[in-house]
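What follows is a single structure, written as structure tokens, with notes after it.
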Amino acid sequence: MALSVSSVAAVHGTLALRTWSGPGPEAILLHGVDGDGGAFDAVAADLAGSRALTAVDLRGRGSSSLDGPWGIGAHAADIVSLLERRETPVTLVGHSFGGHVAALATACRPDLVEHLVLVDGGPRRVLPEDKTPLAMAEFVGQNILAKLSEGPDNPLTATALESDLASMMTDGSAELVTGIAITLIRAGHGVAPGLPPIVPDSAVISLADTALTLNDILVDDATHFSLLGEHRAGLVDVLPSA
């Protein structure tokens, strides 16, 4: 399985790409709010070249441009510009924040997406009753930045992170996707064992009303993050046939 690294111009800067060769149609992979394209390395290794894959560093992360604007709309515009370079519609995969970006890009250009795979992200978030969207974004952002400061160098800034989180907390783009086959992979737990799931059962009902078809996969033992780690089999099994 050959991996190549490249970059392409997007609407608001440049996007770094990690591409694994394989048969088509291609699957384009979008990571979570504080990650980069490397979040899908284990998934790509498991697939062992059975499908063409491209993992994107969203702007502000990895080796992509570090300048704004931020928010789901800006990132979705970048992804649409990437999809427009493809000769055939793709499978678009998004984990967490990447699911919201993938959903909006699909809603904007459904002709460019054959199959939308949402991995514990995309449907509208259910916030705690005592948290406004902005307060929740600031709370989550502060915790993420604290963890990043303890680890390897990461280019993500507080401004980019909190702006992207704020847009995610109010996003309902998945409800705008119509006439597309959707696979929803969701964890039985939130960001840690015992916490409420990120994607509740109510989101499944909402997607089922508008999707061409909906394949709902609940991984009971998984957390939000383990869906790309120890519980990644759900996504690995979906991608070859997506």
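The values are calculated or read from the model by the stated rules, or taken from the named source; none is laboratory data. Remember, it's a predicted structure, so these values are computed and weren't measured experimentally. Virtual Cβ from ideal backbone geometry, glycine too; neighbours counted across all protein chains shown.
Observations, loosely collected:
- Leading residue by the ranking (farthest from the chain's Cα centre (by Cα)) among those in segment 47-62 that are in a loop (DSSP other than H, G, I, E, B) and over 13 Å from Asp237 (Cα atoms): Gly49
- Residues in segment 37-91 that are free of Cβ contacts under 8 Å to residues at least 40 places away in the same chain and of a type in the set (Asp, Glu): Asp41, Glu84, Glu87.
- Residues in segment 10-25 that are part of a loop (DSSP other than H, G, I, E, B) and surrounded by fewer than 20 Cβ atoms within 10 Å (Cβ to Cβ): 8 in all.
- Members of segment 26-46 found to be touching a helix residue (DSSP H, G or I) at 6+ places or on another chain (Cβ under 8 Å) and either in a helix (DSSP H, G or I) or not small (Gly, Ala, Ser) (or both), listed by number: Ile28, Leu29, Leu30, His31, Val33, Asp34, Ala39, Phe40, Ala42, Val43, Asp46
- Residues (buried (at least 22 other Cβ atoms within 10 Å of the Cβ) and within 26 Å of Phe139 (Cβ to Cβ)) located in segment 168-183: Met168, Asp171, Ser173, Ala174
- Pick from segment 137-167, criterion aliphatic (A, V, I, L, M) and exposed (fewer than 15 other Cβ atoms within 10 Å of the Cβ), ranking: nearest to the chain's Cα centre (by Cα): Ala158
- Filter pass, Gly194 being more than 24 Å from Leu104 (Cα to Cα), without any contact (Cβ under 8 Å) to a residue 60 or more places away in the chain and either aromatic (Phe, Trp, Tyr) or in contact with an Asp or Glu (Cβ under 8 Å, 6 or more places away or on another chain) (or both): no
- Residue check, Asp216 surrounded by 15 or more Cβ atoms within 10 Å (Cβ to Cβ), under 19 Å from Ala105 (Cα atoms), touching a residue at least 24 places away in the same chain (Cβ under 8 Å) and of a type in the set (Asp, Glu): no
- Top-ranked residue of segment 26-46 - restricted to ones that are surrounded by 21 or more Cβ atoms within 10 Å (Cβ to Cβ) and among the aliphatic types (A, V, I, L, M), ranked as farthest from Leu148 (Cα to Cα): Ala27
- Per this entry, Val11 is not counted among residues that are closer than 25 Å to Ser173 by Cα and under 17 Å from the mean Cα position of the chain (by Cα).
- Residue in segment 63-84 that is buried (at least 24 other Cβ atoms within 10 Å of the Cβ), under 12 Å from the mean Cα position of the chain (by Cα) and outside any helix (DSSP H, G or I) present: no
- Filtered by the rule that a residue be out of contact with any Gly (no Cβ under 7 Å at 6 or more places or on another chain) and touching a residue at least 60 places away in the same chain (Cβ under 8 Å), segment 95-119 gives Thr106, Ala107, Val113, Glu114, His115, Leu116, Val117.
- For segment 170-197, the candidate set comprises residues that are modelled with pLDDT under 90 and hydrophobic (A, V, I, L, M, F, W, C); within that set, the residue that is nearest to the chain's Cα centre (by Cα) is Val191.
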